[in-house]
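Quick notes on the structure that follows.
The values are calculated or read from the model by the stated rules, or taken from the named source; none is laboratory data. None of the values given here were measured: they were computed from a predicted structure. We place every Cβ from the backbone using ideal geometry, glycine too, and count neighbours over all the protein chains shown. The area values use the complete protein model at the heavy-atom level, side chains included, leaving out ligands, DNA and RNA. Shrake-Rupley method; radii C 1.70, N 1.55, O 1.52, S 1.80 Å.
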Amino acid sequence: MSVQTPISGLPTPSGTPGAPKLLEVRDIVTRFTTDRGSLTAVNGVSLSLERGRTLGVVGESGSGKSVLSRSIMGLLPRSNTERSGQVIFEGKEISGLNDSEYRELWGDEMAMIFQDPMTALNPVMKVGLQITESLRFHLNMSKSDAKDTAVALLKAVKIPEPEKRFSSYPHEMSGGMRQRVVIAVALACGPKLLFADEPTTALDVTVQAQILDLLAEQQRERYMGIILVTHDLGVVAGRADEIAVMYAGQIVEQAPTALLFSEMKMPYTEALMAAIPKLTDASHTRLAAIGGRPPDLVNPPKGCAFSPRCPYVQPRCHEESPTLTPSPTAPEHLFACFYPIGSPETEEVRLRIAAQRLMATAPEFVAAPAKTPTPAEQSPVPAPPEQTEGM
Amino acid sequence: MAGSGTAHLRQPSETLLRIQNLVVDFPAGRGKKVSAVSNVSFDIASGETLGLVGESGCGKSTTGKAIMQLPRPTRGEVTLDGTDLCSLRGEQLRNTRPRLQMIFQDPISSLNPRRTVMQIVEEPLNIWKIGTPEERRLKVNEVLSAVGIDPEAAAERKPHEFSGGQCQRISIARAVITEPSVIICDEPVSALDVSVQAQILNLLEDMKARYGLTLVFIAHDLAVVKNISDRVAVMYLGKMCEIGNPDALYSAPAHPYTRALLAAIPLPDPNASLDTEHHLEGDLPSPISPPSGCRFRTRCPLAQDICAQVEPQMQHVTGDQYVACHFPLQAVSEVPVALTQ
Ligand SMILES: Nc1ncnc2c1ncn2[C@@H]1O[C@H](COP(=O)(O)OP(=O)(O)OP(=O)(O)O)[C@@H](O)[C@H]1O
Ligand SMILES: Nc1ncnc2c1ncn2[C@@H]1O[C@H](COP(=O)(O)OP(=O)(O)OP(=O)(O)O)[C@@H](O)[C@H]1O
Ligand code: SF4
Ligand code: SF4
Ligand SMILES: [Mg+2]
Ligand SMILES: [Mg+2]
């Protein structure tokens, strides 16, 4: 890897021992008023983050990842929105701040990288000025200091010929370069907390690796806390210290990364993992798709939100909602499920489905006509009760 | 010039679609041109799926569209079942159109918002005047059921009333309705999340088996491409780097660029160490003035002087694997020079 570039003139904040947690979020609920009724996008999320650490937030499209980040940052739409819960940043409650107080915070203390670099940058403004603007606002830098710092930042995010690129417009750059500029803008004032909402989804794997390497390097250097939002479990596996899995606006499983992968408890997390095509599998391996679709957040199902799609569902799951509770064996591992992976009930279902599959496929060895196997016959995860057409 | 040659092509009789020395240039003003696709060759046997991978801007979509003759390539041959499409004109070319279909990345915006899903799926039959109205209606119901969309809902509803994954199912129904020989899928699952992606990939495999399709599958997710492909072709800046079956190509890449692509894949396994050593540095050079010799040389860790002077040609590695590199990572078997020209 290349040499790290220290950036002159920037505050490089350091953590104090015994200081309060960087971020502490308690019981956030965010609702939108829609013409179909009240939509609960985030439903009672609590989490915390220390400086220098990365929390990965994963989940299907619509599970509430972006609304959660926006709820924490105070970036929600003003109308038709209802939010409750506490957001404590460095020991201070910030959810009641007004716009100008939030503006002081954004960029300076916390910053956000959005999914689409084109919409995050002003298309008619030179990229260099987009960086100096925030340096001058937050850090009161002089024009020439701000320019030097901006060039140093462009260099730090590995933009070739940074002095020249200072005067480029966003459309004159490749997608990867634009996303690096967005990161430079986000890092400009040395934030302590960085939200990266799908920062690499629009990019190639090679550029994605470069951007994630860059974020990791800047995190080490600046001791930032990062919340990395993505729907790619592969991205968080190598980059996050801890992972929170979201489903229908709730965290359904949360654990340190290694523990989550080795001791997966939640049927939903297992199903998400199984749906990913694996490089180690031979080509044409049938994928274990999750049947059905995520619940309607205006009219969520009774009981566990995953129950209509869960292969291990039991009568109790339709009646009661499981709450996020620590695992008896590892308190840092939380999950919300009555019959977690490894419990006698799930093992029983596994065996039953394996037996059914054997019975169903056996006669086909004799009666030949080659037909494509249904997902239920091949998937490593038992098929959910109803394999519907919907998604 | 990086990555040309045709040593990897099979006998024309063994293949359904054959692309030979395909060149696509776009005008870039002031007499300059964008060299989007340069001397690309590959072939596909009937029933095969060819995966096309490479970084953004390497010419995947342009190659796909050139096969469809939209627009016509600058040079080269596209042979479908023995007929060179590039030499066909007017009515003759029009008649081949139902045999080639395309599916795009953005499922919702690629469907006409003002028509019902039923009308959208039926449209190709009307355009090509295939079947009687009654036959068309039956066919529409058949393909909609095959992709898992309720024909009754489709009769009334418009695309925006369906989810992204359902819209991609509708695109697939529309593409298979003319019973084409070849479907070119341009990033069909890139906009979908993993669970919907798995449903669509499984559906494509089912449709292939059911309708005897041959696919060109364009994507930048290498795990997705491995899952669906029989052969994978790796492109860089308008050139072919390497081609072969995915199991061989992924376990023993012969081209330094293929290795870099594989090293960049984030694995859903926290114990897998990140192969940062082979991560690519720098950006894609401009296709307006591509590097001389091997186009990958400005970012290649193995580049030598010869790479700037001589464009590597396709050479045989093993089995169906071929590579265009002067210093390949796997041993190549020498092919007589006369054959590669
Ligand atoms: N302003 C809004 N008004 C009404 N509903 C909204 C609003 N913003 C988001 N939602 C709804 O809230 C839910 C959660 O959306 P969110 O954008 O957080 O999902 P996500 O997990 O980020 O998904 P993706 O992976 O697609 O980005 C969705 O059902 C979405 O339609
Ligand atoms: N109509 C056009 N006019 C000029 N240049 C074009 C045109 N279409 C494509 N190009 C250029 O040709 C090159 C190849 O583009 P193409 O869209 O084929 O890449 P791709 O591999 O499909 O990339 P992506 O993964 O981003 O879809 C790029 O440099 C692109 O800018
Ligand atoms: S087993 Fe029951 S509680 Fe657990 S995820 Fe399935 S439906 Fe929900
Ligand atoms: S070694 Fe030379 S020919 Fe091979 S990829 Fe690198 S630059 Fe190209
Ligand atoms: Mg989002
Ligand atoms: Mg493309």
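The figures follow:
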read-out	value
Segment B:132-151, subset within 12 Å of chain A (Cβ to nearest Cβ) and of a type outside the set (A, V, I, L, M, F, W, C), residue surrounded by the most Cβ atoms within 10 Å (Cβ to Cβ)	B:Gly148
Residue within segment B:153-164 that is at the interface with another protein chain (Cβ under 9 Å from one of its Cβ atoms), under 30 Å from B:Val323 (Cα atoms), open to solvent by 20 Å² or more (accessible area, probe 1.4 Å) and in contact with a Ser or Thr (Cβ under 9 Å, 6 or more places away or on another chain) present	no
Restricting segment A:140-176 to residues that are surrounded by 21 or more Cβ atoms within 10 Å (Cβ to Cβ) and small (Gly, Ala, Ser), the residue that is nearest to B:Leu280 (Cα to Cα)	A:Gly176
Residue list for segment B:271-286, filter: open to solvent by 40 Å² or more (accessible area, probe 1.4 Å) and of a type outside the set (Asp, Glu)	B:Asn271, B:Ser273, B:Leu274, B:Thr276, B:His278, B:Leu284, B:Ser286
Unique residue being in contact with a Lys or Arg (Cβ under 8 Å, 6 or more places away or on another chain), at pLDDT 85 or above and not charged (D, E, K, R) when the list is B:Cys300, B:Cys307	B:Cys307
Segment B:83-119, residues that are part of a helix (DSSP H, G or I), open to solvent by 60 Å² or more (accessible area, probe 1.4 Å) and within 30 Å of B:Ala154 (Cβ to Cβ)	B:Arg94, B:Asn95, B:Arg97, B:Arg99, B:Gln119
Every residue from segment A:296-325 that is open to solvent by less than 70 Å² (accessible area, probe 1.4 Å) and more than 8 Å from ligand 3 (Cβ to nearest atom)	A:Asp296, A:Leu297, A:Val298, A:Pro301, A:Pro308, A:Arg309, A:Leu324, A:Thr325
Which listed residue, of B:Asp247, B:Asp320, is open to solvent by 30 Å² or more (accessible area, probe 1.4 Å) and either of a type in the set (A, V, I, L, M) or in contact with a Ser or Thr (Cβ under 7 Å, 6 or more places away or on another chain) (or both)	B:Asp247
Qualifying residue in segment A:253-264 (condition: surrounded by fewer than 24 Cβ atoms within 10 Å (Cβ to Cβ), among the aliphatic types (A, V, I, L, M), in a helix (DSSP H, G or I) and touching a residue at least 40 places away in the same chain (Cβ under 8 Å))	yes
Evaluation of A:Ala282 against (1) open to solvent by 50 Å² or more (accessible area, probe 1.4 Å); (2) within 14 Å of chain B (Cβ to nearest Cβ); (3) within 16 Å of ligand 1 (Cβ to nearest atom) (one fails), failing number	(3)
Restricting segment A:177-205 to residues that are open to solvent by less than 10 Å² (accessible area, probe 1.4 Å) and either farther than 30 Å from A:Leu22 by Cα or part of a loop (DSSP other than H, G, I, E, B) (or both), the residue that is modelled with the lowest pLDDT	A:Thr200
Failed criterion for B:Gly212 (all others in (1) farther than 30 Å from A:Met246 by Cα; (2) surrounded by 23 or more Cβ atoms within 10 Å (Cβ to Cβ); (3) among the small types (Gly, Ala, Ser) hold)	(2)
Single residue of segment B:61-77 satisfying the filter (among the basic types (Lys, Arg) and more than 14 Å from ligand 6 (Cβ to nearest atom)) that is most open to solvent (accessible area, probe 1.4 Å)	B:Arg75
Pairs with Cβ under 6 Å, 6+ apart, first in segment B:41-65 and of a type in the set (A, V, I, L, M, F, W, C), second assigned to a helix (DSSP H, G or I) and modelled with pLDDT of 95 or more	B:Val53/B:Val225
Which listed residue is open to solvent by less than 10 Å² (accessible area, probe 1.4 Å) and under 30 Å from B:Leu280 (Cβ atoms), from A:Gly225, A:Gly238	A:Gly225
Residue ranges of helices (runs of 4 or more DSSP H) in segment A:53-126 with at least 1 members within 14 Å of chain B (Cβ to nearest Cβ), within 16 Å of ligand 2 (Cβ to nearest atom) and buried (at least 17 other Cβ atoms within 10 Å of the Cβ)	A:117-120
Verdict on B:Leu80 being aliphatic (A, V, I, L, M), over 18 Å from the mean Cα position of the chain (by Cα) and either at positive phi or surrounded by 14 or more Cβ atoms within 10 Å (Cβ to Cβ) (or both)	no
Strands (runs of 3 or more DSSP E) enclosed by segment B:222-341 - at least 1 residues per element that are among the aromatic types (Phe, Trp, Tyr) and closer than 30 Å to A:Ile159 by Cα	B:231-236
Every pair of residues 6+ apart whose Cβ atoms lie under 7 Å, when the first sits in segment A:332-350 and is modelled with pLDDT under 95 while the second is within 16 Å of ligand 4 (Cβ to nearest atom)	none
Subset of segment B:165-187 [under 18 Å from the mean Cα position of the chain (by Cα) and more than 14 Å from every other protein chain (Cβ to nearest Cβ)]	B:Ala175, B:Val176, B:Pro180, B:Ser181, B:Val182, B:Ile183, B:Ile184, B:Cys185, B:Asp186
